[in-house]
Amino acid sequence: MKAKLNQRLLKIAELVPMNASIIDVGCDHALLSIYISQNKKPKKVIASDIKEGPLIHAKENIRKYQQEDKIKVKTIYNRSIHFDTWKKIEGIHYTDNLDKLLNDKDIQVVVVTLKSSLHYEYAKKVLEAGKHCVVEKPFAASYAQAKELFDLAESKGLMLQCYQNRRFDSDFLTVQKVIESGKLGDLLELEMHFDYYRPEVPESIHEFSVIDSYLYGHACHTLDQVISYFGKPDHAHYDVRQLLGTGRMNDYFDLDLYYGTLKVSVKSSYFRIKERPSFVLYGKKGMFTKTKKDRQEADLKHFYMPYEHDDFGLDTPADYGTLIYDEEGHYHEEKVETVKGDYGYYYDALYETIINHKPQLVTKEQTLLQMKILEDAIKGLK
């Protein structure tokens, strides 16, 4: 439900920039704060008042417009719970009994985050138990497995969706902003790189596996970004390799997707000692380079949490991308402030799908298209 404002509050709301931090003093029952939260993607909104009455109404409106935490984690299933050394979160039940979780009538959605080879098996169990299901990437080992799961979900009237948080990477959101500004002119080429220097990973693996390949584990992120924004390509070319030789792990990929005159390249390797820019765009009138990747994952790995730090996942000005373009014969070069990313938006959309029956963020068609591309790209490797 969207908050509605009178003309006075609307004029105030129009003054508020996107992605700002806001303190609403004398909060008009929090309606302005709620409107900003719904429409301006703020970093933080605080509604305050010196009188108890308005604050009571503010709390009621926050509940009414569903601006409280929308999703509650009730149970975590862990097959190896007795060996788990992670600190337990207060208020969450931990179990190694899957049936208890699947038979709990309070649980509406189960998120499958087990190792890749178990995704199909456990997603099927969740659906057969009558629960909505989110599956971590890679969604399945094959197009056939993925289609079987979607057919099962549809037969039971359940939602099934792949977890694609990187639609909300800051670098990807910034690229969209630059494209839509029109300053590049007609887009001709887009390069996407997600490089690592981790030679110890492929060097330690001495057998080939499709589901555990570098392509399936990493291209799924960047491919989803391409599919979500550009749709189905007209045609494609794939270069997927085992740099250490036949029978070893797939450790390199270069996927070229063509949309009319536009070429989109998705590239990655475990052997890039100096990573290439995250995004490079070329248009008829200019180019844009975003060197640094989104920071959310790096911050999470350092336990630098979004609920504790206002600058979580934010670029510094030194990390902003560079836009160069021609305007009536004059060349301009400028820094582009990075759009704030937020993986939480995925779960906001999930809530809207399950509770308010809104369309899925990641559709069946998009997931099946990705599975078809992955399957075709890795053909021939052994």
Restricted to the range 166-340, the DSSP antiparallel beta bridge percent, nearest 5, is 90 percent
Using the Cα centre of the range 166-340 as the reference point, and only Cβ charges (+1 on K/R, -1 on D/E), how large is the resulting charge dipole? Debye, rounded to the nearest 20. 260 debye
Please compute the contact order of the chain in relative form: average sequence separation of alpha-carbon pairs under 8 Å and at least six residues apart, divided by the residue count, as a percent. 15 percent
Total charge dipole magnitude, the range 69-127, about the Cα centre, Cβ charges on Lys, Arg, Asp, Glu only, Debye to nearest 20: 100 debye
Looking at Pro277, Leu257, Ala318, which one has the Cα that reaches farthest to the positive end of the dipole of the range 166-340 (charges on Cβ: Lys, Arg +1; Asp, Glu -1)? Leu257
What residue among Ile62, Gly329, Tyr35 has its Cα farthest toward the positive end of the dipole of the chain, where the charges are +1 on Lys, Arg and -1 on Asp, Glu, each on the Cβ? Ile62
Starting with the highest mean, order 268-281, 137-150, 91-104 by the number of other Cβ atoms within 10 Å, averaged over the residues of each peptide. 137-150, 268-281, 91-104
Charge dipole magnitude, Cβ of K and R +1, D and E -1 - the chain, Cα centre, debye nearest 20: 720 debye
Using a Gaussian network model of the chain with C-alpha springs under 10 Å, which one of Lys88, Lys340, Lys285 is most mobile by mean-square fluctuation? Lys88
Near Lys137, within a Cβ-to-Cβ distance under 10 Å, what is the net charge of the other residues, with Lys and Arg +1 and Asp and Glu -1? -1
Distance cut-off 27 Å, Cα to Cα: go down the list Lys177/Lys284; Lys183/Lys267; Lys285/Lys358; Lys147/Lys293; Lys2/Lys87; Lys87/Lys137 and report the pairs above it. Lys285/Lys358; Lys147/Lys293; Lys2/Lys87
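Laboratory data are not the source of any read-out in this text; all were calculated from the coordinates shown. Just so it is clear, the structure is predicted and the values come from calculations on it, not from any experiment. Glycine gets a Cβ as well: all are built from the backbone with ideal geometry, and neighbour counts include every protein chain shown.
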